[in-house]
Amino acid sequence: MKLTGLQIFKYLPGSKKEPQANCKKCGFPTCMAFAMKLAKNEVPIEKCEHITDELKSIFEEASQIQQAEIPFGCAKNPVKIGNETVMFRHDKKFVNPTCIAVKLESSDENFDEKLNKILNYSVERVGEDLKISTLALFDTDKTFEEKAKKVAKSKLPMILVSENIEKTTKILDEIKDFKPLIYIENSSPEELAEIEKKYNVPVVSSGSSIEELVNNSAKFIENKTQNIVLNLKNQSQKSLIENLTYIRRSAIENKFKPLGFPVIQFTKDIADLSQDPIEQGIWTSVLLCKYANIIVLEHFDEAIIYSLLTLRQNIYTDPEKPLQIEAKLYPIGETDENSPVIVTTNFALTYFTVVGEIEASNIPSYLAITPSDGMSVLTAWSADKFNGEIIAKTIKTYGLEELVKHKKLIIPGYVSSLKEEIEDELPDWEVIIGANEAVDIVDFLRSYQKQQLLNL
Amino acid sequence: MFIMNTYTPPKKEYKTAIREVDLNGLTAGGENSLNFLHSETQKVSKPLIACEILTNIPSNHPQLLKDFWGENIYNPIECVKSALNKNFSALVIRFNIENCEDIDAEIEKSKEQLKEILKITDLPLFLIGTFRREVDAKLLPELAKTADRKCTIGAVEEENFRQIAPIVKDCGHNIIARTPIDINLTKQFNILLTELGFNADRIIIDPNTGGLGYGLDYAYSIIERIKQAALQGDTMLNMPVITFVGEEAWKTKEAKSNNVPVEWGNLTTRAISWESITATSMLVSGANIVVMRHPEAIKYVQDFIDKTYG
Ligand code: B12
Ligand code: SF4
């Protein structure tokens, strides 16, 4: 793991109040300023004349790359994999989200239709557009070249899977500024290194055991090629998680160079795994958590892809910072003085879930978001960040007393116990207890609104 | 250039194992490695799935669950009977008393139901309350006294364990200790329970979880941290971990609604995979027991466990 500025500073003259402290010879006003720059790799370590050998070796050890970062796809907008620095997400945010790829054979009867489906797949979740990262194009007939060019033109990052070196290099000759990941089955590291150097494209190094991968890597490195992605073939379900863990551990904890590369796993290489989409999805979920950087699924099934993209979003969020949204009044739809008023917290997940349901109900509503440190409803309630006082203040500062004439406020069902507390703070208002789960908001709002209109 | 290329598997040796809890016919825990790393552990301990049966079906209960169980779902005894030929390893009976006007009557009813259930099955049983603290403080001790064989009872929380744990202890059952996604609270609570005289080998940790897409990431990381601490020698954190994934997965829109963007795909596939993937991610993070609701999803995850544990 990389050193922080503070960790570096401890070894500089400035922290020990030595005579050379803050001598400015490095071009920075203080040792601390130098340490901060060095931590970001923005200045060479040699700039300080007073560096100790101890710091030098600690720094070199720490800045050694654990897992290479490999970009591929469109030169301008590539997908990146690898560059992970920890085994567990609670130690530090994971870096490059797992690349979820779908397999497509060049001979597929519905090639264009499937390609378009993959290209156009996009789903919004918690304010983020989730898409399929990559297509794995398999060479299954003579249209391979033509199909590869088609995918390259679409700019979707691509993995070319073939047994044929000539066919593959011919494609590479034609799609110059597009860099697919190259997988040529049964070819030697030397041959692959050749291709890597000539076309500047990453190549897959595959083997049936970790030992074989290590031997291959040594050959790649000898041939001055480090633009590689590792692949384990023929894996039993019993050993795969352990093998992938060992590869990642060797890279991260032991800085073992031959395994310091990202890993691609094809679900087809898992023994006894059926074509059933759910079974494939289950294994992919495990690979996503435990150390595959690219996963190639056999089929495209919306429900499975959506589940996996959701899991990926979960695993790759920063565990330190919950996603928050601005605490303010959000009018949803064409609101007027009769629109319902709904209150919830500023946790992004909570907000987006609730907004989606209000929109689906087609009932224009005011959504008042409380400042609750980005916590979910019950978490905020427990932490005293979603209480009568905060809710009352929210209603007042957002001017809702002028905006609507009904003075009714809907709260999440899980905090029904807040009703009295809020009514004490807002004596003119009536608190309505909403549904517990967002999925029931549409029905709840519709019957609520019907009731209101009857009362008018 | 010299390249170091002799590979030795980076095996870890953990001295402390996860405590083995006897569930009455099955054991949970016992491994001294992270889940699925078979060559590091001295004792391979397969994670367990328990199928959850509710004594009260709320009005917004997912249609897919109702479809699967049919009319039986409204009768916990019938539900248990029909669960018996489904190869489950264990059952969770969730006494989710709905009618809180007359708690005492509901508790009486729960006791009768439990007596029936004990008669018709000898699968290991988990007896779970409502997760409403005051109700559970009354209900769980009664269930503990009614169960005439060793069961696992919970969940108790810091707010109500003093009323429940002593009776569970005296009756010889195991206990589920629930804390809200916080490793320090988990440890502190286990210490409190042992100070009360509860044998640490009869405690199961429920660190709380959220469903896939609804807070799952927090549970995932807490479980990983609990396991790291446990294996490295913390004997107040090395109890098996249980997570109630079915409850969380089945309250999401993803598992319930057809009224969604087409990109969400087919409801049945989505719902089954939602519960399955919530479960598998808990298993890879370190859970020993996952509690699930849909028998189809259970079948998928059981098959995964069987194949990965050989
Ligand atoms: C993840 C999580 C955390 C995360 C925080 C995540 C976050 N950013 O908020 C962490 C680990 C930090 C955390 C901390 C704590 N947590 Co917490 N946490 C959870 C967990 C597992 C999931 C919460 C979540 O993300 N839900 C998803 C979001 C979308 O749900 P939501 O906001 O409620 O919104 C839903 C509904 O409420 C509804 N809805 C929302 N708004 C509205 C509005 C209307 C009008 C309607 C109709 C509906 C509606 O729609 C949404 C989807 O259905 C829950 C348990 C659980 N399974 O629910 C416990 C839970 C909420 N936590 C709890 C507690 C006690 C705490 C702590 C106080 C523990 C402690 N002592 O340290 C701390 C408090 C934080 C602090 N002091 O800093 C308790 C609350 C107990 C209670 N019932 O009173 C819970 C329920 C766990 C438990 N069973 O004990 N927690
Ligand atoms: S040259 Fe070295 S000792 Fe001098 S200020 Fe810069 S960091 Fe400090």
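The values are calculated or read from the model by the stated rules, or taken from the named source; none is laboratory data. What you see is a predicted model; the values in this text were computed from it and never measured. Because the Cβ atoms are built from the backbone with ideal geometry, glycine has one as well, and the counts that use them run over all protein chains shown.
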Practice problem: Report yes if residue A:77 is away from ligand 2 (no atom under 11 Å from the Cβ) and in contact with a Gly (Cβ under 8 Å, 6 or more places away or on another chain), otherwise no. | Solution: no
Practice problem: Within segment A:268-290, track down each residue that is among the basic types (Lys, Arg) and either within 7 Å of another protein chain (Cβ to nearest Cβ) or within 21 Å of residue A:84 (Cβ to Cβ) (or both). | Solution: A:290
Practice problem: Could you tell me which of the residues A:81, A:58, A:100, A:65 is closer than 22 Å to residue A:256 by Cβ and modelled with pLDDT of 95 or more? | Solution: A:81
Quiz item: Do we find a residue being away from ligand 2 (no atom under 16 Å from the Cβ), within 30 Å of residue A:161 (Cβ to Cβ), touching a residue at least 40 places away in the same chain (Cβ under 8 Å) and part of a loop (DSSP other than H, G, I, E, B) anywhere in segment A:48-66?
Solution: yes
Quiz item: Does residue B:101 count as in a strand (DSSP E or B), of a type in the set (Asp, Glu) and more than 14 Å from chain A (Cβ to nearest Cβ)?
Solution: no
Quiz item: Which fully enclosed helices (runs of 4 or more DSSP H) of segment B:202-310 have 1 or more residues being β-branched (Val, Ile, Thr) and surrounded by 21 or more Cβ atoms within 10 Å (Cβ to Cβ)?
Solution: B:216-231, B:245-249, B:267-285, B:295-309
Practice problem: Quickly run through segment A:361-378 and pick out the residues that are within 8 Å of ligand 1 (Cβ to nearest atom) and away from every other protein chain (no Cβ under 13 Å). | Solution: A:373
Quiz item: Given A:75, A:68, which one is more than 16 Å from ligand 1 (Cβ to nearest atom) and crowded, with 16+ Cβ neighbours inside 10 Å?
Solution: A:68
Quiz prompt | When residues of segment A:242-263 are limited to those that are surrounded by fewer than 24 Cβ atoms within 10 Å (Cβ to Cβ) and of a type in the set (Val, Ile, Thr), the one farthest from the other protein chains (Cβ to nearest Cβ) | solution = A:252
Practice problem: Could you name every one of the strands (runs of 3 or more DSSP E) located completely within segment A:181-273 that has at least 2 residues being free of Cβ contacts under 8 Å to residues at least 40 places away in the same chain and out of contact with any Pro (no Cβ under 8 Å at 6 or more places or on another chain)? | Solution: A:203-207, A:263-266
Quiz item: Which one of these does residue A:155 not meet: (1) surrounded by fewer than 17 Cβ atoms within 10 Å (Cβ to Cβ); (2) out of contact with any strand residue (DSSP E or B) (no Cβ under 6 Å at 6 or more places or on another chain); (3) more than 14 Å from every other protein chain (Cβ to nearest Cβ); (4) modelled with pLDDT under 95?
Solution: (2)
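Okay, residues lined up against (1) part of a loop (DSSP other than H, G, I, E, B); (2) within 15 Å of ligand 1 (Cβ to nearest atom); (3) within 37 Å of the chain's Cα centre (by Cα):
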position: A:359; (1), (2), (3): no, yes, yes
position: A:380; (1), (2), (3): no, yes, yes
position: A:394; (1), (2), (3): no, yes, yes
position: A:406; (1), (2), (3): yes, no, no
position: A:409; (1), (2), (3): no, yes, yes
position: A:415; (1), (2), (3): no, yes, yes
position: A:419; (1), (2), (3): no, yes, no
position: A:431; (1), (2), (3): no, yes, no
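Matching residues to (1) more than 16 Å from residue A:157 (Cβ to Cβ); (2) surrounded by fewer than 19 Cβ atoms within 10 Å (Cβ to Cβ); (3) outside the structural domain of residue A:139 (by TED's automatic domain parsing); (4) away from ligand 1 (no atom under 16 Å from the Cβ):
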{"position": "A:21", "(1), (2), (3), (4)": "yes, yes, yes, yes"}
{"position": "A:35", "(1), (2), (3), (4)": "yes, no, yes, yes"}
{"position": "A:44", "(1), (2), (3), (4)": "yes, yes, yes, yes"}
{"position": "A:86", "(1), (2), (3), (4)": "yes, yes, no, yes"}
{"position": "A:93", "(1), (2), (3), (4)": "yes, yes, no, no"}
{"position": "A:105", "(1), (2), (3), (4)": "yes, yes, no, yes"}
{"position": "A:112", "(1), (2), (3), (4)": "yes, yes, no, yes"}
{"position": "A:123", "(1), (2), (3), (4)": "yes, no, no, yes"}
Quiz item: In segment B:6-41, what residues are closer than 17 Å to residue B:175 by Cα and of a type in the set (Lys, Arg)?
Solution: B:19
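Results for (1) within 24 Å of residue A:291 (Cβ to Cβ); (2) at the interface with chain A (Cβ under 7 Å from one of its Cβ atoms); (3) under 13 Å from the mean Cα position of the chain (by Cα), shown as yes or no for each residue.
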{"residue": "B:233", "(1), (2), (3)": "no, no, no"}
{"residue": "B:246", "(1), (2), (3)": "no, no, yes"}
{"residue": "B:268", "(1), (2), (3)": "no, no, no"}
{"residue": "B:278", "(1), (2), (3)": "yes, no, yes"}
{"residue": "B:291", "(1), (2), (3)": "no, no, yes"}
{"residue": "B:304", "(1), (2), (3)": "yes, yes, no"}
{"residue": "B:308", "(1), (2), (3)": "yes, yes, no"}
Quiz item: What are the residues in segment B:239-286 that are under 24 Å from residue A:237 (Cβ atoms) and either within 16 Å of ligand 2 (Cβ to nearest atom) or among the aromatic types (Phe, Trp, Tyr) (or both), if any?
Solution: B:274
Quiz item: If you scan segment A:9-20, which residues turn out to be at pLDDT below 90 and near ligand 2 (Cβ under 6 Å from one of its atoms)?
Solution: A:14, A:20
Exercise. Can you confirm whether segment B:148-168 contains a residue that is more than 16 Å from ligand 2 (Cβ to nearest atom), among the small types (Gly, Ala, Ser), out of contact with any Phe, Trp or Tyr (no Cβ under 9 Å at 6 or more places or on another chain) and away from chain A (no Cβ under 14 Å)?
Key: no
Exercise. Answer with yes or no whether residue B:172 is more than 12 Å from chain A (Cβ to nearest Cβ), at pLDDT below 95 and not in a helix (DSSP H, G or I).
Key: no
Self-check item: Neighbours by Cβ (under 7 Å, 6+ apart or cross-chain): first from segment B:261-280, farther than 20 Å from residue A:121 by Cβ; second assigned to a helix (DSSP H, G or I) and polar (S, T, N, Q)
Solution: B:280/A:285
Quiz item: Quick one: in segment A:84-125, which of the residues that are free of Cβ contacts under 8 Å to residues at least 24 places away in the same chain, among the polar types (S, T, N, Q) and outside any helix (DSSP H, G or I) is farthest from the other protein chains (Cβ to nearest Cβ)?
Solution: A:110
Exercise. Taking residue A:323 as the residue in question, decide whether it is surrounded by fewer than 19 Cβ atoms within 10 Å (Cβ to Cβ) and either within 16 Å of ligand 2 (Cβ to nearest atom) or within 14 Å of chain B (Cβ to nearest Cβ) (or both).
Key: yes
